[in-house]
Number of protein chains: 2
Amino acid sequence: MKPSGTVLAAWRLLLESHRRLASQMDHDLREAHDLPLDWYDVLHQLNTSGGRLRMHELSAATLFSRTDCTRLVDRMAAAGLVERERASEDRRGVYAVLTPAGKDRLRAAAGSHLDDIQRLFGDHLRAEEIAALESGLARVVNAAENLAAT
Amino acid sequence: MKPSGTVLAAWRLLLESHRRLASQMDHDLREAHDLPLDWYDVLHQLNTSGGRLRMHELSAATLFSRTDCTRLVDRMAAAGLVERERASEDRRGVYAVLTPAGKDRLRAAAGSHLDDIQRLFGDHLRAEEIAALESGLARVVNAAENLAAT
DNA sequence: CCAATATAATTGCAAATGAAACTAATGCTC
DNA sequence: GAGCATTAGTTTCATTTGCAATTATATTGG
């Protein structure tokens, strides 16, 4: 089935808002905290998962490829924000572990980044639009997850 | 001001739905038509603009950087989908022009791509959610545009 | 009118990316 | 418990990207 004009318009707006906001936020984070948005994402995911994740869990959480995670962790480890730790229960495995410095850096950046989310995104939406985004996109994401799991 | 939990959730869902759907759609387009999503985007924008755009207009329409446009057009010209044409009214300028082959390729790919948009996105949204996405994100994009224009 | 400045597009270089090959350890089956 | 398939993670290679510098043309202020 073909999408209606409104579905198409909504999809294009989602694409455009993502591109504009993501690049603006990346720019702001680099400017203010010398932290790429990708790094912020990794720090955030680690932090909300108790500070340690296996590489493949990090990949699933951030939606970066395994390859990408390997190299993000490389660079972030060089910058002292995370550490690698071999898994004791599975000797193939590696944990990415948030360091205290990484936690500090995240805390420092979180304030202005959250402000950015509000300023660039939240400020322009009505409560019922936010609710609609949340419920609708949750279903979209869910369906995509199931598809990917196949 | 800090975003409320629902704003934050909505933002994260927007990020996640974009990543999942864009990569799925890119994959499907390559699979079925050997056409990266970026190329589709360029063909689409050219087509909806009468088949010819100055490089900087293409950049504004697609939100790819000027550099990126130069090189996308390079590769697509090598594949015969577009042509470069020096602008007669401004000799610095270059038009990217859709070729008949490019138009054909777009037409061929559009069908399955539109199906994808419906299947992955539209099918999971209620009419009022689509309307909310459309109106809300239009305001978000607008605000971001004005900011960028500064 | 012409020097200074701005704009259009490309290019060189360093960094980031993705797919597929590779290494190592585990699990599964007979 | 030996062999085969699977899973975890990294690495290699070719491609892509982004920033800053470059080239060429247009515009503007004195």
(request) Could you tell me which numbered condition B:G102 fails, if it satisfies all but one of (1) within 12 Å of DNA strand C (Cβ to nearest atom); (2) of a type in the set (G, A, S); (3) surrounded by 15 or more Cβ atoms within 10 Å (Cβ to Cβ)? (result) (1)
(message) Exactly one condition in (1) within 27 Å of A:L53 (Cβ to Cβ); (2) free of Cβ contacts under 8 Å to residues at least 24 places away in the same chain is false for A:D123; which is it?
(response) (1)
(request) Considering each of A:L14, A:L8 in turn, give the residue that is within 10 Å of another protein chain (Cβ to nearest Cβ), assigned to a helix (DSSP H, G or I) and more than 17 Å from the chain's Cα centre (by Cα). (result) A:L8
(request) Give the residue that is nearest to DNA strand D (Cβ to nearest atom), with candidates limited to residues of region A:41-69 that are over 12 Å from the mean Cα position of the chain (by Cα) and outside any helix (DSSP H, G or I). (result) A:R54
(request) Would you please name the residue that is farthest from DNA strand C (Cβ to nearest atom), looking only at residues in region B:42-62 that are within 14 Å of chain A (Cβ to nearest Cβ) and buried (at least 17 other Cβ atoms within 10 Å of the Cβ)? (result) B:H44
(message) For the condition modelled with pLDDT of 95 or more, within 12 Å of chain B (Cβ to nearest Cβ) and not in a loop (DSSP other than H, G, I, E, B), what is the one hit in A:D28, A:D38?
(response) A:D38
(request) Only residues that are surrounded by fewer than 17 Cβ atoms within 10 Å (Cβ to Cβ) and within 17 Å of A:H18 (Cα to Cα): list them for region B:105-138, please. (result) B:S135, B:A138
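Let's see how each residue does on (1) within 17 Å of A:L15 (Cα to Cα); (2) more than 7 Å from every other protein chain (Cβ to nearest Cβ); (3) not aromatic (F, W, Y):
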{"position": "B:G93", "(1), (2), (3)": "no, yes, yes"}
{"position": "B:P100", "(1), (2), (3)": "no, yes, yes"}
{"position": "B:A109", "(1), (2), (3)": "no, yes, yes"}
{"position": "B:D116", "(1), (2), (3)": "yes, yes, yes"}
{"position": "B:E129", "(1), (2), (3)": "yes, no, yes"}
{"position": "B:R139", "(1), (2), (3)": "yes, no, yes"}
(message) Quick check on this structure: which one of A:A61, A:A144, A:A77 is closer than 27 Å to A:L14 by Cα, free of Cβ contacts under 8 Å to residues at least 24 places away in the same chain and touching a strand residue (DSSP E or B) at 6+ places or on another chain (Cβ under 7 Å)?
(response) A:A61
(request) Write out, first by first residue and then by second, each pair whose Cβ atoms fall under 8 Å of each other, whose residues are 6+ apart or on separate chains, and whose first residue, in region B:18-35, is more than 10 Å from DNA strand C (Cβ to nearest atom) while the second is of a type in the set (K, R) and part of a helix (DSSP H, G or I). (result) B:H33/B:R105; B:L35/B:R105
(request) Take region B:70-96 and flag every residue that is small (G, A, S) and within 17 Å of the chain's Cα centre (by Cα). (result) B:A96
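Which residues, counting only those in region B:79-95, are among the small types (G, A, S) and more than 10 Å from DNA strand D (Cβ to nearest atom)? Working first, answer last.
Initially, region B:79-95 is screened for residues among the small types (G, A, S), giving B:79-80, B:87-88, B:93.
Scanning region B:79-95 gives B:A79, B:G80.
The values are calculated or read from the model by the stated rules, or taken from the named source; none is laboratory data. Because the structure is a prediction, the values reported are computed rather than measured. Because the Cβ atoms are built from the backbone with ideal geometry, glycine has one as well, and the counts that use them run over all protein chains shown.
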